[in-house]
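First comes the structure, then the notes that go with it.
The values are calculated or read from the model by the stated rules, or taken from the named source; none is laboratory data. For clarity, every value in this text was computed on a predicted model and none was experimentally measured. Virtual Cβ from ideal backbone geometry, glycine too; neighbours counted across all protein chains shown.
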Amino acid sequence: MTESEPTLEKKTPTCYRHPDRETWVTCGRCGKPLCPDCMMHGPVGVRCRECLLPQGKGIVLLEATQIRRAGRIAALVAIGWIFLLSAVTVIIGFTQVGLLKGGVWTPNILLSMIAGGMVGWVIWRICQRTWNAATIRTAALLGASIPVFATIVVSVLLVLLTGSTHFISLSFIIRALLATILSTGMALLLASNNT
């Protein structure tokens, strides 16, 4: 090669997020250069974060602080629903047949479903309309806790007022379980936004 011939120097690409890191690995979908810290292995090869986990399309990486914030706010919503369900249950129980004649002393199933759905929706909204395993676990736990704690609050209240547990029966347990299952289902459904 003589001095008059131009040299073709290939410039080494750098990571699109870390310009100080050289790399020859690229995203198999969009072609962005990726350093080892930015590589994400998907089912069909190496992808960048944006291509493997698009925002709002289901499972994404959420920050732990974001999940904790969603859990705290959803827990406050759940506590409000526990008190509301407890109050409605006591009012319905007293007005149906009366305390001593055996009213319905379990959380209203429709209200339990609404409460679970509201908790799931709050988590989904705070987590920027995305979800992952942690948000689903939080939604399931809070969705199940609403009718369970409402049942406990009402039961303790009735035991304190009447001094007996005559209101507990098989139908009482079945209704409480049904309210818990439906509340949890709605929380899961709305937390993952599979509606």
Across region 32-47, what is the number of residues that are exposed (fewer than 12 other Cβ atoms within 10 Å of the Cβ) and either assigned to a loop (DSSP other than H, G, I, E, B) or at pLDDT 85 or above (or both)? 4
In region 117-137, residues that are of a type outside the set (Val, Ile, Thr), closer than 15 Å to residue 189 by Cβ and in contact with a strand residue (DSSP E or B) (Cβ under 9 Å, 6 or more places away or on another chain) total 2
Qualifying residues in region 82-111 (those that are outside any helix (DSSP H, G or I) and closer than 14 Å to residue 179 by Cα) - the one modelled with the lowest pLDDT: 104
Residue among 140, 133 that is closer than 26 Å to residue 70 by Cα, crowded, with 16+ Cβ neighbours inside 10 Å and among the hydrophobic types (A, V, I, L, M, F, W, C): 140
Would you be able to tell me the number of residues in region 145-165 that are surrounded by 12 or more Cβ atoms within 10 Å (Cβ to Cβ) and in contact (Cβ under 8 Å) with a residue 40 or more places away in the chain? 12
Count, please, the residues in region 122-172 that happen to be in a helix (DSSP H, G or I) and polar (S, T, N, Q). 7
